[in-house]
Amino acid sequence: MSQNLYDLIGLLAGICFILALKGLSSPKSARRGNIIGAIGATIATVIVFFYANDGKALNHLPLILGAIAFGVLVGVPAARKVQMTQMPQLVALFNGVGGGAAALVAIVEYLKLGDSATVAEVVATVFTVIVGCVSFSGSIITFLKLQELMTTRPVIFPFGRQLIALTLLAVLATGGWVISSGGTAPLLINGALSLLFGILFVLPVGGADVPIVISLLNAFTGLTVAASGYVLQTTLLIIAGTLVGASGTILTRLMAEAMGRSLFGTLFGAFTAKATAATGAAESRPVKSGSPDDVAILLNYAQRVVIVPGFGLAVAQAQHTVRELADLLTAKGVDVAYGIHPVAGRMPGHMNVLLAEANVPYEQLVEMEEVNPTFPQTDVVLVVGANDVVNPAAKTTPGCPIYGMPILEVDKAGNVIFLKRSMRPGFAGIENELLYEPKTTLLFGDAKDSLTKVVSALKAL
Amino acid sequence: MSQNLYDLIGLLAGICFILALKGLSSPKSARRGNIIGAIGATIATVIVFFYANDGKALNHLPLILGAIAFGVLVGVPAARKVQMTQMPQLVALFNGVGGGAAALVAIVEYLKLGDSATVAEVVATVFTVIVGCVSFSGSIITFLKLQELMTTRPVIFPFGRQLIALTLLAVLATGGWVISSGGTAPLLINGALSLLFGILFVLPVGGADVPIVISLLNAFTGLTVAASGYVLQTTLLIIAGTLVGASGTILTRLMAEAMGRSLFGTLFGAFTAKATAATGAAESRPVKSGSPDDVAILLNYAQRVVIVPGFGLAVAQAQHTVRELADLLTAKGVDVAYGIHPVAGRMPGHMNVLLAEANVPYEQLVEMEEVNPTFPQTDVVLVVGANDVVNPAAKTTPGCPIYGMPILEVDKAGNVIFLKRSMRPGFAGIENELLYEPKTTLLFGDAKDSLTKVVSALKAL
Amino acid sequence: MSNELALLSIFLLSIFVGFEVVSKVSTTLHTPLMSGANAIHGVILVGAILVADHSETTLELTLAIIAIVLATINMVGGFVVTDRMLQMFKGKPRPKKDSAGQESGGK
Amino acid sequence: MSNELALLSIFLLSIFVGFEVVSKVSTTLHTPLMSGANAIHGVILVGAILVADHSETTLELTLAIIAIVLATINMVGGFVVTDRMLQMFKGKPRPKKDSAGQESGGK
Ligand SMILES: NC(=O)c1ccc[n+]([C@@H]2O[C@H](COP(=O)([O-])OP(=O)(O)OC[C@H]3O[C@@H](n4cnc5c(N)ncnc54)[C@H](OP(=O)(O)O)[C@@H]3O)[C@@H](O)[C@H]2O)c1
Ligand SMILES: NC(=O)c1ccc[n+]([C@@H]2O[C@H](COP(=O)([O-])OP(=O)(O)OC[C@H]3O[C@@H](n4cnc5c(N)ncnc54)[C@H](OP(=O)(O)O)[C@@H]3O)[C@@H](O)[C@H]2O)c1
């Protein structure tokens, strides 16, 4: 296949990617967008077989095909079987391996080019290795955090900032070393240091900020792909990588805004903010806990009820039960709405997805900005497995990990009912003062069980 | 200057243009955007002097500089002195000369290349000549229409559609002739036919649709510039031209939507729609005309007044007087708002610009969608020099030139006062039934005079 | 990458940029935007200067010089008239809510 | 136009396209968009195949093959997981007003 034809088809694939991103930014066309992206990627992959070795069969063809088959066998079932609640960490993992792949490609190309590499190519290689490695190790850490294989709290270590700065310096220095004098060993050292930096850089990020970091690393990986595209003189990789880099950057900013965080604060906040919150053995303070019957009575005599779902709803898979309850209340003449916080759950839009699964009518899902003004007129708020997104500490406690995040102001409603299993805090690991308020009733237990009981109690009234 | 450096600076200028368009799409940054665009254009123009003749002074340098100076001397005063009301036709004119320039550049380059031109270059040349000429002659006609040097109504001639189709066919045929056998004469014939086609194509467009056509021709001219960029191997022209072509296409669609027109209907509507409206010597029917005192009394005892400005406000330059009236009414405790139709006047945003000039507070300017639901609660609507934008025919008379355009539904208000000079129709040339309604009062005279009289009468009350 | 392909890529990408940048402009800005875009295609002046420099016959030169005049009028006049329109919009107080909406609308 | 410059132009234009396309996405779609973008950078697979083909030493080949595996997981897994997420959004009735807003928000 001629270089020209190859480039032309590559351009076509690039346009598929643009259309994919365009599609993905509108709910109606999102799925089609994703499919267009997949088509683009397939085209790009298939044609490289006809182009790479001047039209002859590729060297190491069986190995290459085997590796692809293996990748498919690992990737597809993982993507198919993962639970909704675990998708964010899977995305993190996929992003990490992409970064790793980019770094490896750069290293191999560097080995092959040897001394014939131009300065620009070496610079691009070093960039790819550094950023790819950071993305790889950083994503692994975010994966571990989200999978709760390690603590979701910010990991703060003594002289943390200094250590991170020092590592970064070392990364840059070894990078400069590769550029000035070349050689494989320096590049590998550079890569190793970058891996270390990725770990150190993500460790102090608080759990709630992890999605932002995934998005940032995602954008980074995009840039490494663009840089690889330059070294390999493949326009498609430049277009695709740059698209992801640019859109990822914007997306990261948008996500940070939705969570009320500054990007800088997200990344470096842990060391600067004093950890004033989340301390004190407040767990021994008294709380008011109620029975399913108490809750049913409260709900039955309410004029207006707002249901606030959170991560616990997903864990308990209680979306169908909550809908049953809502329908029952509506039938009884109660005005019911769902108050949806943009970052409730473990991924943006998590609650929408979950409730859509239970066929909750879309009109009942009210976004934060719209539902907040209605809380003073709301009699009962039913908080189903949410915690951080209703935690007033976000407004009252400067320095706590969620400070500044806009929340659902359920404390303005007449009564608040929490369905949760224990007094344990939510994702951000901080105490929720609202649980101790006199207007709050706690119904302990798995959300699905509790809801089922409430439904029966309501029917019996 | 090396080709590389030239291309690099050209790329920079291209980015200036992107930023210019980005800026222009947001009110806050619009002016800065325009300035960035001007900077980009200046950079592009200056560097070509260092690049064109391999760094030596350009051939015919004095002539070139003289021509530029002459262009500046013509263009700047025209742009400076033109009245607000005449800007649209000036933009049309500027667009036309741009199209003409692109066609001329293509012709000259074709003469120079002679037989050495590749097929692609000839195709691009023919495209530029055709579209540039259409844009030139079409813009001249729109200019004449807007300047009212000719009728603003659709000009319909017998066998119009057939004639237009035939001309288009001839244009394409001569274009094909140039491509297949070359030669200067065919190209010139092709250009002449294109000029004719431009005229025929714009003549049947009704006055109200003229801005849409200007926008379309503007996009066309952009594409010719991109094609010239290909022939001249100048990336900057490709980027700039394509940007204008693409954004102009979208803008045309948006404008058509704002006026409630389909693009196709705009262009070919005149021949298909039966001219059912705008007929009948209805002018002899009785109307209720009032004195300034009558109007003052009506206004004085109103709870809520909506002022609907239109093109007549601009003609009368009555923006300051209307503000005076509004302030007076507000001081008397009347609730006053301005109802702004998106296409009132002769350019989108015309009324905003005009009233902003008179320092009318921005909050008082209410857009169509927001003001329409309030008319049933409005006691008096004061229509100052508007006509088409309040004409119920847009809803009731299929086939009339403005049918389907969303209007300000002033007929739902308690009283409607029209300030106009005569019973003549507005821009679209169609009768306004509302003038004959019992709830309507007409105050004849120049809007500024009438308003001044109403203000004095009000003060005297 | 061949020259033709590079130009094609640039062309296609520019289409997307042009589409996306303008796709959410508010009605109020339609006219200035049209006028500003109109001024931008005045850079055909660059092309006119290039062909004027190359011109060999009087015919070529005459046409090229006319093109320069026309393109200059387009470009300079376009930017000036756009600026005049936009001057009117500048510095007027806008209500918070509305300006926020327009801000996000223009990004 | 030199090759480097063409690539630079493509790079810069792609930045604008990427910025603009995504700049107004609704919160609901943040996760699928991130995941979709993530899948797209899986095309590094193309690069991995190219270097695998060129590989001469065992070290090179090993690394390249690992890269292929990782890139494939990234790409294929990414598209599948995105599709799964988006399935949830599909076919749900939406109120007129809201869907119109999201429509224009995503253009
Ligand atoms: N949406 C995103 O993009 C995203 C991504 C990552 C992180 N985050 C962060 O995640 C948090 C989301 O807030 P959130 O309020 O939704 O969740 P949360 O703060 O993590 O609280 C979840 C609550 O659900 C309860 N719960 C867990 N399993 C349950 C079950 N089976 N039955 C009943 N209750 C159960 C937990 O209490 P018990 O253990 O006592 O039952 C916990 O209080 C925020 O901090 C956000 O920043 C969001
Ligand atoms: N905004 C745009 O982008 C744009 C561009 C081009 C065309 N258009 C079209 O222009 C029209 C705009 O509607 P419109 O209602 O604003 O204007 P219009 O329909 O043209 O009506 C203007 C009215 O003002 C009156 N008038 C003129 N000079 C006056 C003066 N000195 N004092 C008092 N009255 C005066 C005229 O009546 P007398 O002559 O009896 O006084 C006429 O009835 C629409 O058809 C629109 O589609 C709009």
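The values are calculated or read from the model by the stated rules, or taken from the named source; none is laboratory data. Quantities reported herein were computed from a predicted structural model and do not represent experimental measurements. Cβ coordinates were reconstructed from backbone atoms using ideal geometry, including for glycine residues, and neighbour counts include every protein chain displayed.
General remarks:
- Yes/no for C:Leu50 being part of a helix (DSSP H, G or I), farther than 20 Å from B:Glu367 by Cβ and either within 7 Å of another protein chain (Cβ to nearest Cβ) or at pLDDT 95 or above (or both): yes
- Candidates A:Gly114, A:Gly99 - the one that is out of contact with any strand residue (DSSP E or B) (no Cβ under 6 Å at 6 or more places or on another chain), surrounded by fewer than 16 Cβ atoms within 10 Å (Cβ to Cβ) and either in a helix (DSSP H, G or I) or not small (Gly, Ala, Ser) (or both): A:Gly114
- Restricting the stretch A:401-415 to residues that are more than 19 Å from A:Leu299 (Cβ to Cβ) and not hydrophobic (A, V, I, L, M, F, W, C), the residue that is nearest to ligand 2 (Cβ to nearest atom): A:Pro406
- Meets criteria (out of contact with any Lys or Arg (no Cβ under 6 Å at 6 or more places or on another chain) and either in the same structural domain as A:Gln89 (by the TED database) or more than 14 Å from ligand 1 (Cβ to nearest atom) (or both)) for A:Lys395: yes
- Against the test of being free of Cβ contacts under 8 Å to residues at least 40 places away in the same chain and in a helix (DSSP H, G or I), the options C:Asn74, C:Asn38 yield a single qualifying residue, C:Asn74.
- Residue among B:Ser450, B:Ser422 that is near ligand 2 (Cβ under 8 Å from one of its atoms) and part of a helix (DSSP H, G or I): B:Ser450
- Test: residue in the stretch B:389-403 that is within 18 Å of the chain's Cα centre (by Cα), surrounded by 22 or more Cβ atoms within 10 Å (Cβ to Cβ), at pLDDT 90 or above and part of a helix (DSSP H, G or I): yes
Results for (1) touching a helix residue (DSSP H, G or I) at 6+ places or on another chain (Cβ under 9 Å); (2) under 28 Å from A:Val210 (Cα atoms); (3) within 16 Å of ligand 2 (Cβ to nearest atom); (4) within 14 Å of chain D (Cβ to nearest Cβ), shown as yes or no for each residue.
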site	(1), (2), (3), (4)
A:Gly345	yes, yes, no, yes
A:His350	yes, yes, no, yes
A:Leu365	yes, yes, no, yes
A:Val384	yes, yes, no, no
A:Ile417	yes, no, no, no
A:Leu434	yes, yes, no, no
A:Thr440	yes, no, no, no
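- Condition met for A:Asn34 (within 7 Å of chain D (Cβ to nearest Cβ) and not in a helix (DSSP H, G or I)): no
- Considering B:Thr118, B:Thr125, B:Thr152, the condition of being more than 8 Å from chain C (Cβ to nearest Cβ) and in contact with a Lys or Arg (Cβ under 9 Å, 6 or more places away or on another chain) is satisfied by B:Thr152 alone.
- Residue check for B:Tyr403: in contact with a helix residue (DSSP H, G or I) (Cβ under 7 Å, 6 or more places away or on another chain), of a type in the set (Phe, Trp, Tyr) and either more than 16 Å from ligand 1 (Cβ to nearest atom) or within 14 Å of chain C (Cβ to nearest Cβ) (or both): yes
- Odd one out for A:Ala356, checked against (1) within 16 Å of ligand 1 (Cβ to nearest atom); (2) closer than 25 Å to A:Lys288 by Cβ; (3) of a type in the set (A, V, I, L, M, F, W, C): (2)
- Residue match in the stretch A:357-376 (condition: in a helix (DSSP H, G or I) and either of a type in the set (Gly, Ala, Ser) or in contact with a His (Cβ under 7 Å, 6 or more places away or on another chain) (or both)): yes
- Selection count where residues are aliphatic (A, V, I, L, M) and within 31 Å of the chain's Cα centre (by Cα), scope the stretch A:44-70: 5
- Residue in the stretch A:434-441 that is hydroxyl-bearing (Ser, Thr, Tyr) and surrounded by 23 or more Cβ atoms within 10 Å (Cβ to Cβ) present: no
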